[in-house]
Each structure stands twice: as structure tokens, then as C-alpha cells.
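The block underneath contains the structure these notes are about, expressed in C-alpha cells.
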Amino acid sequence: MIPATPRVAPGTGFVASVGPSGFLHLATSGVHEMEWTGLDGTSRRLSGTQAHDPVEYYGAASDVVALPPRAGARDVLLRNMVTDETTTVTVPAGQTYNRTIGTTVVTRGGIRSDSTWTEFHLLTAGNGTTVDRPVTGLPEGTFISFALRAGAHGFLSVATVPGESAGQYFWIDVDTAQATLLPLGTVYGNSAVTAHHLVTPQAGGVRIYEQGRFDTPVREVSVRLADSKVIGVVGQALIVARHDASLGSKVYDGAHYKIVAVPFDGSAERTLLARAAADHVAIRPDGGVQLLGGRDAQDYGYQAVTAGADGMPYATLAVRIPPVPMKLQRLTVDQGTVRTLEYGDRVTSAYERPLTGAAPGYGERVRTGGMPSPHDSCGVDQLCPELYATGDGRTVYRGSTPTDNGSRPSVLVVGKDGSFPGTPLDTGLQDSYGDGNQAWIVGVSGNLLLVDGTPVDGGPRELRVVDIDSGKVLHREPYRPGAIWGTTVWSAGTGNTVRAEDARTGTSLTSFAVDTGCTSTADLQAVGRWVYWRCTSDAAPYTRAGVYDLRSRRSVPLPSTGEAFLGDGRVAVRGERGLSLYDLETGTAVQRWSTDAAGLVTLDPRNGDLAYSTSDQTVHVLRTGRPEAALVSPYRNVTSRVETDATPVPWSAEWWLSEPAASWQVEIRHRATGRVVATRTGGAAEHSIATTWDGRDPNGGQLPNGSYTWTLTARPTDGAGAVVPVQSGTVRLTGGTAVWRDHAGGSSLPDGVGDLLTVDSAGVLAFQQGDGAGKFAGTVPGGGWSARVRAVPIGDLDGDRCNDVLVRSSTGSLRLYKPGCGAALKPTTPYTTVGASGFNQFDVLTSPGDVNRDGRPDLVARASSTGKVYLYLGTGTGRLAAPVKLYDNWKAYKKVVGVGDLNGDGIGDLLAQDTSGNLYRYIGKGNGTFSARVKLFAGWGGTYDAVVGTGDITGDGKADLVARDTGGNLYRQNGTGTGTFGARVKIGAGWQKYKGLF
């Protein structure tokens with residue numbers, strides 16, 4: 001509980017007549033009537049009276065209080081507040097009451113047709129009648145402009161004299177009823193009238209005249225009067241009110257002055273009152289003054305400034321005014337700091353204080369500026385701003401900024417550790433007072449402000465997101481109820497739908513439906529994975545509310561549709577029965593706390609602090625904390641590809657968080673090998689985590705095309721757990737190094753998935769594109785070939801990161817065709833001749849991949865006549881080395897198939913099928929030879945007329961096997977990565993149309 005801070009100048013005060021035995025002032029009890037307080041401290045209230053200008057309206061320098069005539073009456077009742085005796089003075093017809101000095105009533109008379117007055121009259125009671133003494137000495141034709149301040153025996157007036165262009169000052173002596181024209185320079189508009197003197201500021205000081213003797217000043221005093229005003233003369237000193245900017249801007253009747261005494265002997269000035277109001281000062285019959293002021297709230301009240309025995313003035317508290325608390329007008333709590341706007345002492349100021357763990361639970365209250373004008377109450381042209389905490393220490397609000405013609409509404413930003421009123425932010429929206437074109441703040445999160453209004457350059461009402469830092473408009477959409485959290489803009493869709501977009505890119509992120517009975521959404525708030533909604537319905541209940549949980553993908557209904565304040569896993573709702581706090585984590589709104597005494601309410605969505613005020617201006621803070629919940633990413637925007645070719649496209653990812661993270665890591669692995677190829681790390685993240693990857697290794701080197709996995713882990717800021725996995729997924733790399741058997745992908749570029757090469761009867765060689773799910777989808781055809789062509793997809797032999805194809809013609813020549821990545825294989829495709837002739841001797845031409853670890857694919861060939869098996873090693877020049885014999889006689893095998901790496905050691909392997917249907921595996925040793933055979937299956941593939949090692953077509957990084965039977969059915973056997981295969985799966989039919997599968 002944070003107790004209210006008392007105002008230094010409590011409430012309102014007004015000092016009027018001061019006599020020898022007491023004084024008249026505004027009641028200290030808060031009742032707006034005047035009361036007389038005697039020297040003994042007793043007070044008597046005068047019914048029907050109220051504060052009234054001039055100060056001498058009820059009397060001056062006397063124990064007599066005048067009760068002026070009420071409307072339609074003519075009698076002035078003069079009451080001696082010591083003896084309680086009363087006399088009556090009747091104001092004659094044609095005259096109007098002005099003030100009373102002592103027992104003399106001053107009136108104006110001689111009204112002209114232009115409603116100006118030409119006469120002063122001095123009325124006194126005598127023998128049961130009213131004695132009327134007209135004031136003489138005013139030139140003929142003079143009319144009265146103003147009656148100014150009064151002393152104990154007269155008052156100052158301004159009158160317009162015929163022939164004079166400026167108003168003339170007159171002294172009206174109430175004893176002689178004589179008006180005296182004051183010499184030029186004797187008096188100005190800022191002259192002060194005391195009980196016995198007239199004090200006129202001059203350049204460098206003041207001149208002091210004795211009332212009635214205005215020809216020569218009795219004293220001249222040098223004194224600095226910049227930003228000051230003269231109060232009067234008391235004893236042997238001049239009394240001056242100096243404006244103190246630390247007490248606030250100058251406001252009429254505001255206590256923003258320091259009262260000082262400037263001794264006539266030239267000694268240093270002394271402070272009499274640290275704070276005072278200097279616009280209403282009453283004279284005392286002893287030559288002193290009486291005014292409102294004090295050191296602090298406990299010492300504030302009606303102060304008598306009188307001369308002591310040494311002739312120096314002293315201030316004495318005559319009547320203390322009880323402290324009045326500052327009026328709380330706005331309240332926020334943000335990351336452990338309570339911020340308030342408070343009205344008091346005729347200004348609206350901003351304050352902040354930290355919440356602490358040690359008693360009393362809060363730190364020192366610090367003023368952080370104030371508003372340009374006081375906000376005692378709110379009106380059409382005087383905004384009481386709502387404060388919006390950004391979450392990063394800043395505050396945004398809609399307030400007022402000064403203009404040449406007054407002020408205009410504006411959105412202002414108060415920086416972290418900054419002061420109010422802050423800096424205006426141009427939103428590009430129209431804004432004015434009460435004419436229908438107001439701009440309204442919908443919400444703010446970090447540096448992003450969501451506002452609603454009509455564009456300055458025309459067009460319909462809209463929602464727009466403005467970057468507080470740059471002033472740029474990042475997002476706009478037609479107006480609808482909305483909310484913002486982090487970079488996510490939530491807005492109501494049609495019917496009962498709510499949708500989310502990225503404020504920076506407009507990318508659609510997610511959507512959901514609220515209550516099925518809702519016809520339109522009226523209010524939205526968002527915090528982390530929670531979205532508060534309130535809607536209308538055509539059926540009872542006609543208003544409904546709930547909080548949608550993006551993790552469970554369902555709404556938690558709320559029992560009340562009152563004003564809501566959403567937090568992380570909690571919501572406070574103010575309804576007919578007061579303010580209640582509900583927990584949401586269980587999927588049901590569980591009431592945790594309630595009160596029926598809440599005034600202002602605020603909830604920090606980031607840490608769960610709930611603050612509210614009560615009628616005594618106390619701030620109560622309920623430190624609820626955040627509910628324990630796992631850090632999750634309820635929605636994300638993650639691309640599925642990364643391209644590293646001539647026009648690279650990076651992988652980009654952003655995950656929105658359910659709660660802040662202290663640190664995070666994204667790990668990217670090659671799916672086939674499990675090898676970590678890239679790591680991204682970061683520190684604190686408030687709303688989301690974003691990163692990119694260029695598809696290269698940490699040294700900038702190329703990586704193989706294909707499938708990679710990413711895993712995001714993070715450590716919650718609240719320390720409620722260790723590093724936890726948040727999300728994972730896959731990304732496909734293209735434009736990298738060529739992957740075995742991968743020629744084309746869905747975007748035409750190789751995608752890391754193995755492909756099958758076919759030739760049909762029309763001589764069309766086509767790459768059948770592996771879809772990554774174990775089938776083939778899409779073709780890249782190239783016509784113009786012989787149907788008897790023999791093709792061998794060998795891999796990237798020339799090092800251009802695109803796989804090549806060996807083609808044997810019917811004449812026995814062997815050419816290396818080098819289609820570009822993803823391009824069709826045509827006779828016109830660039831090639832080099834590997835062998836001009838002689839390759840017709842081989843009934844087997846197949847590539848197992850790289851068998852000697854030099855990074856180049858190799859070729860295995862079997863001579864049909866002898867059964868000898870040869871190895872042609874790929875070279876760095878894009879050609880084949882001289883053959884090396886591997887085996888003497890493999891005639892027993894009816895099929896020999898290069899299948900790539902079967903066991904994950906990075907070395908190419910072979911399969912061989914004998915005439916009995918036994919299938920054997922030959923594992924490459926990495927030196928250009930193979931290990932002894934291992935039998936995989938017996939009775940295998942008796943009906944197969946084609947068997948192809950297609951590389952990985954399932955996306956798991958393991959080499960697979962494809963076979964066609966004589967009926968045209970196509971089968972797949974998944975590689976296990978351990979040198980074996982799973983059971984066959986039929987993946988197609990009608991493949992007999994192809995003359996060859998390679």
C-alpha cells in the first residue's frame with residue numbers, strides 16, 4: 001500500500017479582511033463559505049458568503065465584516081466580529097456595491113448610457129440613516145475604468161480622463177472623500193498597495209510612497225524583480241514574491257512563489273515562506289500582510305507576515321489548513337515502477353516510484369515533469385490523458401501541445417528516464433477536440449504504437465502502426481477493434497473471427513474464432529499467448545467475453561463482461577461487483593482475488609503487478625507474479641527454403657514468444673548426418689526471436705543441398721526453468737553442393753532429394769523429381785534422344801555444383817553431359833567426350849558415388865564378354881581416369897547397381913543380384929575397393945526388370961532403392977542408413993512406358 005502524498009497547498013484558500021482581533025478567510029473544512037477566526041482560534045462561519053474579488057469585498061483593516069446586499073436588495077450589513085454589533089448601510093438607487101474599507105462602504109454611481117460609471121460614493125451609517133459622500137476631484141467627463149487595491153484609508157483607481165489617451169491613476173482617500181491624480185511615474189499597473197504605502201516597481205528596484213503623500217517617495221530600494229512581484233512593505237523590509245520554477249509553472253492563485261524579505265539596510269534577503277500563493281494578499285491594520293503559504297503540507301495555511309521588535313518581518317501561521325491528498329488522475333505500473341499523474345497545488349505533475357522487496361515495499365517518490373496545463377477536471381478541450389506503458393520504460397499518451405492559438409491534442413512520448421510532457425509524435429492522423437476527428441491510442445508495445453483515426457491526407461478511418469523511434473507508419477488497415485503485442489497486430493475479422501498479422505511485413509500469422517454466438521467483436525487485448533476478446537451477440541447473453549489461449553487453441557469464458565485488464569495468464573475485470581482477478585492457466589477462469597473499492601486500475605502484463613487506487617488516493621499494489629508456464633512459441637513465421645545460388649535467398653525465421661526469454665539458441669543440423677552446420681545465439685528477447693541463415697557453414701563454405709533440421713531453445717527470463725526446446729522444424733537447402741542423384745527440385749533448382757532418370761520410346765530423357773516423401777512428382781524432360789540411349793547419372797564430376805550425366809550412344813561413345821542445375825538433359829546440352837568408342841563392350845555402367853574419398857563421383861563398368869569389373873575414377877578435370885580392374889568375373893550377377901552411400905560413412909556402395917534372386921551388398925572401403933559381399937535378401941526381385949539406386953527420395957538423408965517389375969509397377973525400399981533396406985512400398989503403376997530407368 002502506497003499512502004497518498006499531501007498537497008503542499010491543500011485544496012483552496014482565500015484570505016479577505018484582516019482586523020486587529022481576527023481575520024476573514026475561506027473555511028478550512030472544505031465548505032466553500034467564509035469564516036472569521038479570532039485570535040483565540042475560534043471560528044464563525046458566515047452563511048451565504050464565498051470567495052470574491054476584490055480582496056476588500058468583505059472589508060479591509062478592520063474587525064468589521066461587510067455582508068453585501070443580495071440580488072434585488074440594497075442593504076449592506078456591517079458586523080463587528082468582536083462585539084457582534086451590526087449596523088446597516090443602504091446603497092442608494094443608481095449605485096452599486098464595490099467594497100468596504102473599515103466601516104466605509106465604497107460604491108460606484110453615475111452610470112452612463114454606455115454602461116460606464118463616472119462616480120465613487122463613500123457610504124457610512126449615522127444616526128439610523130446612511131450618509132452618502134460623493135468623491136470629489138475627478139475631472140469633468142471622467143469615467144471609472146477600474147477600482148484597484150485598497151489600503152487602510154483609501155484605494156487606487158484607474159479612470160479615463162477627457163483629452164488623455166491613457167488611463168490615469170487616482171488615489172481615493174476615504175477619510176476626505178477626495179480623489180488625487182497621481183503624478184506620472186508614481187504608479188503603474190504592477191504597483192502594490194499596502195496598509196499605509198504605495199510601492200511602485202522601477203528599473204532596478206522600487207519607490208515607496210506614503211499614502212496621501214505622492215510627490216516624493218519616502219524610500220527607494222534596489223532589488224531584483226525579474227520573475228517576481230512586490231507584495232508590500234512590512235517594518236523595515238520590502239516583501240517580494242519570487243516565482244520558483246521547481247514549484248510549478250505560474251498559474252493564477254497557484255502556490256508557486258517563495259516569499260522573501262528584502263531589508264532596507266542592504267543586508268541579504270531572507271526567505272519567509274518556502275511556498276505561497278501571491279495573487280490574493282490581504283492588508284493588516286498593523287502594516288503587515290496576510291496570505292496563503294507554508295513550508296510543507298503540515299505547515300501550510302493562512303500566514304501573518306508582521307514586523308518584529310527588530311523591525312524585521314516574520315511569518316506566523318495564523319490558521320493551519322488540514323492536508324489534502326494529491327488527486328490521482330492516472331496510474332500505471334510498468335516493470336516494477338509505479339507512475340502516476342497527480343493534481344495538486346494548481347498543477348498536474350508526473351511522479352514515479354520503484355516497487356521494492358524490502359519494507360515498506362516502495363521507494364522514493366520522484367517528480368518527472370508535468371502537464372502544460374492543470375487537469376483538475378477533464379473537459380472537451382482539456383485532456384486527462386490515458387497513460388500507456390511501452391514495456392521498455394517509456395510512456396505514451398494523448399495529451400495537448402501548445403499552439404499560437406491555444407493548444408491542440410497530440411500523441412506524446414515520454415522517454416525512459418525522461419520528463420513529461422514528452423515529445424510529440426506525428427501519427428499522420430487528424431486530431432482535434434470533440435469534432436469527431438479524434439485520434440485514439442489503441443495500444444503500444446515496445447517501439448510500436450497502434451492508433452485509430454482518420455488520415456490527414458484523407459480517406460476512411462483506419463488502424464495504423466507507427467514506429468515510435470522513426471515516426472514511420474509500418475502498417476495500416478481499415479478500422480476495426482484491434483490490439484498489439486510485440487510486432488503482432490490483432491484485429492477483428494468478420495463475424496466471430498480474430499486474425500493476426502506481422503506489423504512490419506503484413507504477413508498473416510494466425511487466426512481463431514471467438515464464441516460461436518458472436519456476431520461482431522467489440523474489444524481486443526493481447527499479451528503473449530493470450531488474447532482477450534469481448535463481443536456482441538444477437539442472442540442472450542448479448543455481450544460475451546473470454547480469453548483465447550493460443551497454446552491450447554481454445555477460449556476461456558469470463559463470468560463478467562466489464563472493463564478488462566489482461567496479463568500473462570491472468571485477467572482483472574471490473575464489473576458491477578467490483579474488481580476481480582482471475583487465473584487462466586487451468587483453462588477455466590478461477591477467481592483469485594477481489595475488491596469493491598477500486599478506482600483507477602492498471603495491470604502490468606509483463607510481471608503481473610496489479611495496482612489500483614481507492615477514494616483516499618492510496619495506491620494498492622498486488623504483486624501477483626506470473627503464473628508458472630512453459631515458454632512456448634504460439635505462432636511463427638519461418639521460411640522453408642534457403643538458396644545459395646547466384647541469387648541467394650536466406651532462410652529467415654521469427655518465433656513469437658509466450659513470455660520473455662533471457663537467452664536463446666537456434667541449432668541447424670544436416671538431416672542426413674546429424675552434423676551441426678550452423679548455430680545462432682542471442683540474448684534477451686521480449687516478444688519474439690528472429691534470425692537468418694545463409695545456407696553456408698560457419699566458415700562460409702558450401703553445404704550439400706537437401707533437408708536440414710532446426711531447433712530453437714530458450715531460457716525463460718523469469719528463471720522458472722533451464723534451457724527448454726521451444727520449436728523445431730526443417731528447411732530445404734538449394735544451390736549448395738550437389739547431392740547424389742539430385743538434379744531438379746520443386747523450384748527447378750536441385751532440392752537435395754534424389755531423382756530418377758527415364759527414357760521413353762520417343763527418345764525423351766526426363767528427370768522424375770523426387771518429392772521428398774518417397775514418390776516422384778513433376779518431370780524435367782529433354783527430347784531428341786534415341787530410345788536405345790544408355791544414361792548414367794554420375795554426380796557432379798566437373799565441380800560446378802550441378803550433377804552431370806554420362807550418356808552412351810549406340811556407337812559406343814561415352815559423353816559427359818553437363819546440364820545446368822535443374823535444367824533438362826538434351827542432345828544440345830554442353831558435354832565433353834569421355835570416350836570416343838569402346839563402351840559398347842560393357843553391359844553394366846553405373847555410378848556408386850565417390851569410392852575413394854576424393855570428392856569426385858566414380859564409374860563402375862562390367863565387360864559383357866568376360867564379366868570383369870572395372871573402376872573409372874573421376875578426376876578434378878571433369879573426366880575419368882584409366883580403368884582399374886576390381887573383379888575378374890561377375891557374370892553370375894544379372895544386375896549390378898551403384899546405390900550411393902548405404903551405411904552413412906560417406907563412401908559409395910554397390911548392390912549385386914544373382915540369377916537365383918539373392919541380393920548382395922558391397923560396401924566401399926574408401927580406397928577404391930569394396931569389402932566382401934554381404935547377403936541382404938534371398939529370392940528377391942525375380943520380376944524386376946529395372947533396379948535403380950536413386951539416392952534419398954524420402955527426405956531422411958538415407959539412400960533408397962527403386963525397382964520396376966515387368967507389369968510396370970514401381971516400388972521403393974527405404975534405406976535404413978545401416979546398409980540394409982526396409983520392406984518394399986508400391987509408389988506407382990504404368991511405368992512400363994519407359995524404355996529405360998537409370
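The values are calculated or read from the model by the stated rules, or taken from the named source; none is laboratory data. No experiment lies behind these values; they were computed from the predicted model shown. Positions of Cβ are generated from backbone atoms using ideal geometry, with glycine treated the same way; all protein chains shown enter the neighbour counts. Note: areas computed on protein heavy atoms with side chains; ligands, DNA, RNA excluded. Shrake-Rupley method; radii C 1.70, N 1.55, O 1.52, S 1.80 Å.
Here are some notes:
- Cβ-Cβ under 6 Å pairs, at least 6 apart or on other chains, segment 83-103 side part of a loop (DSSP other than H, G, I, E, B), far side surrounded by fewer than 17 Cβ atoms within 10 Å (Cβ to Cβ) and basic (K, R): V91/R74
- All positions within segment 42-82 that are in a strand (DSSP E or B), open to solvent by less than 20 Å² (accessible area, probe 1.4 Å) and in contact with a Phe, Trp or Tyr (Cβ under 9 Å, 6 or more places away or on another chain): L46, V65, A66, V76
- Residues satisfying the stated conditions in segment 128-145, i.e. loosely packed, with under 12 Cβ neighbours inside 10 Å and within 18 Å of Y169 (Cα to Cα): T136, E140, G141
- Residue count, segment 652-667 (criterion: open to solvent by 20 Å² or more (accessible area, probe 1.4 Å) and farther than 30 Å from L584 by Cα): 2
- Residue match in segment 664-677 (condition: more than 30 Å from G700 (Cβ to Cβ) and assigned to a strand (DSSP E or B)): no
- Residues in segment 439-458 that are buried (at least 18 other Cβ atoms within 10 Å of the Cβ), without any contact (Cβ under 8 Å) to a residue 60 or more places away in the chain and of a type in the set (S, T, N, Q): T454 only.
- Among the residues of segment 668-697, those that are modelled with pLDDT of 90 or more, among the β-branched types (V, I, T), open to solvent by 20 Å² or more (accessible area, probe 1.4 Å) and farther than 19 Å from V649 by Cβ comprise V676, T679, T681.
- Remark: S520 matches the filter, which requires a residue to be surrounded by fewer than 22 Cβ atoms within 10 Å (Cβ to Cβ), free of Cβ contacts under 8 Å to residues at least 40 places away in the same chain and assigned to a strand (DSSP E or B).
- Strands (runs of 3 or more DSSP E) fully within segment 112-159 counting 1 or more residues that are within 60 Å of the chain's Cα centre (by Cα) and under 19 Å from L182 (Cα atoms): 143-150
- Restricting segment 410-432 to residues that are in a loop (DSSP other than H, G, I, E, B) and small (G, A, S), the residue that is farthest from D467 (Cα to Cα) is S432.
- Residue check, R461 modelled with pLDDT under 95, open to solvent by 50 Å² or more (accessible area, probe 1.4 Å), within 15 Å of the chain's Cα centre (by Cα) and more than 25 Å from G370 (Cα to Cα): no
- Those strands (runs of 3 or more DSSP E) lying entirely in segment 763-825 with at least 3 residues over 54 Å from the mean Cα position of the chain (by Cα): 790-795, 804-808, 814-817
- Only one of S407, S470 that is of a type in the set (S, T, N, Q), out of contact with any Lys or Arg (no Cβ under 9 Å at 6 or more places or on another chain), part of a strand (DSSP E or B) and farther than 17 Å from L387 by Cα: S407
- Every pair of residues 6+ apart whose Cβ atoms lie under 7 Å, when the first sits in segment 331-342 and is at negative phi while the second is assigned to a loop (DSSP other than H, G, I, E, B): L331/L600; V333/D604; D334/G391; D334/D604; E342/M326
- Top-ranked residue of segment 575-590 - restricted to ones that are assigned to a loop (DSSP other than H, G, I, E, B) and farther than 22 Å from A389 by Cβ, ranked as most open to solvent (accessible area, probe 1.4 Å): R577
- Qualifying residue in segment 602-610 (condition: open to solvent by 30 Å² or more (accessible area, probe 1.4 Å), of a type in the set (K, R) and modelled with pLDDT under 95): no
- Among residues that are under 40 Å from the mean Cα position of the chain (by Cα), without any contact (Cβ under 8 Å) to a residue 40 or more places away in the chain and buried (at least 18 other Cβ atoms within 10 Å of the Cβ), E352 is included.
- Counting only strands (runs of 3 or more DSSP E) that sit completely within segment 591-633, those holding 1 or more residues that are more than 21 Å from the chain's Cα centre (by Cα) and in contact (Cβ under 8 Å) with a residue 24 or more places away in the chain correspond to 609-613, 619-623.
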